[in-house]
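Notes to accompany the following structure.
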Amino acid sequence: MDHIRDLIEIELTELTEWKDRFRKNSFFELVFILNGKGIQSIEYKTCTYQKDDFFLLPYSKCHAYEITEPTTFLFIRFTEHYFKNLKNTEIDYLHWFSKLNYIIGFYDFNTGLYINNNKDKSQVKKLFEIIWLEKEQPTDYSETIIANTLSSILTIISSGLIAPNNFQKSNDDKFNDIIKYINQNIIDEHKLSILYLSDKFNISKKYFSEYFKRNSNESLKEYIQKTKLQIAINRIKYTQSSLQEIAWSLGFTDGSHLTKSLKKHFGLSPATLRKEKKQIL
C-alpha cells in the first residue's frame, strides 16, 4: 500500500481533550464516532455527537470537538487523487470523481453529515470497521478491500445527497432521474450530451431539449454550467486546490475561463471567495 500512503490516512484515536492537529490538504475527511459524546464545531457552528454518528468534512481549519465523554474517533482522510491512483480495482475513477465533485458542491459544510436511517448507519459502521481491520492487519488484498469499502461508504452518502430533494423537484419521475444522473456524472462530458441522455432515458433527441427546459425552466447546457460553477464555488472556498486545477477538473479551459463564468453567472470572483474564507478563519 506504499504507493497510496500519501493519498489516504486512517487513524483510530481515543481522546479526552481535543487539540488542534496538523491535517494534510485532503479533499474529504470521514469521521466515525465509535464511543463517546460531545459537541462538534464546524465553521463555528456546533452540533452534538454520540456513538455511531459519522460525519463527512471538508478541508477546514475551523473544525474541533468539545469532548464531554471520552471519545474514540476513527478518521479516514483521502485526497481527490486517491481513486485515480488505485491499482487492482474496478472502480471507475471518472464516475467517482464526478460524485465527489457533486458532493463537495452541494454538501452543507456548516452542519456536517447526518444519516437518520438506522439501516444505513448500521451498514456504515460495519464498513468503517472493515477499513480499520484491513489497515491494522494488511494483506495483499487490503488496498482493494479498503478502496471498495470506502466506495461503498460514499455510495451511501451520495445516495442521500444526490437526490431529487436537492433541487426543484418535478412531478415527472423520469425528469428527476435525469437530473440525478446528470449530477452523478457531472464531469463526464460524454454522458451529459443530449444524444446520450435521450437514448438512455428513451426520449426523442428532437424533443429532449424542449422536455428538459419545460421541467427545469433552463436549458440542459445552463443547468450543467450552473451545477459545475456551484461545485467550483465550494471547492474554491473549502479546499486549497489551485484555481487552474479546479477549472480543468470541471471542464473549463483554464482559471481565467472559470473566473469569467463565475462573474457572469453569480457575480463572484475566486479572490473574493477565498478572502471571505480567510476572514472567517
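The values are calculated or read from the model by the stated rules, or taken from the named source; none is laboratory data. For clarity, every value in this text was computed on a predicted model and none was experimentally measured. Don't worry about glycine lacking a Cβ; one is built from the backbone with ideal geometry, like all the others, and counts go over all protein chains shown.
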## Note on the structure
When the range 133-166 is checked residue by residue, the ones that are over 20 Å from Val31 (Cα atoms), surrounded by fewer than 16 Cβ atoms within 10 Å (Cβ to Cβ) and at pLDDT below 85 are Ala163, Pro164, Asn165, Asn166
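Would a scan of the range 196-211 turn up a residue that is under 17 Å from the mean Cα position of the chain (by Cα), surrounded by 15 or more Cβ atoms within 10 Å (Cβ to Cβ) and at pLDDT 85 or above?
Step one: filter the range 196-211 for residues under 17 Å from the mean Cα position of the chain (by Cα), giving none.
Within the range 196-211 (the criterion being under 17 Å from the mean Cα position of the chain (by Cα), surrounded by 15 or more Cβ atoms within 10 Å (Cβ to Cβ) and at pLDDT 85 or above), the answer is no, since none of the residues qualifies.
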### Query
Taking the range 15-31 only, how many residues are at pLDDT 90 or above and surrounded by 12 or more Cβ atoms within 10 Å (Cβ to Cβ)?
1
### Query
If you check every pair at least six apart or on different chains, which have Cβ atoms under 6 Å apart with a residue in the range 208-219 that is assigned by TED's automatic domain parsing to the domain that holds Asp173 and among the polar types (S, T, N, Q) first and a residue that is in a helix (DSSP H, G or I) and surrounded by 14 or more Cβ atoms within 10 Å (Cβ to Cβ) second?
Asn215/Phe175; Ser216/Tyr223; Ser219/Lys213
### Message
Given the criterion of a type in the set (Gly, Ala, Ser), in contact (Cβ under 8 Å) with a residue 60 or more places away in the chain and in the same structural domain as Tyr181 (by TED's automatic domain parsing), identify the matching residue among Gly267, Gly251.
### Response
Gly251
### Query
What helices (runs of 4 or more DSSP H) lie completely within the range 178-281 and have 1 or more residues being more than 30 Å from Glu29 (Cα to Cα)?
194-200, 205-216, 220-238, 255-266
### Task
Taking only the range 83-107 into account, find how many residues are of a type in the set (Lys, Arg), surrounded by fewer than 20 Cβ atoms within 10 Å (Cβ to Cβ) and part of a helix (DSSP H, G or I).
1
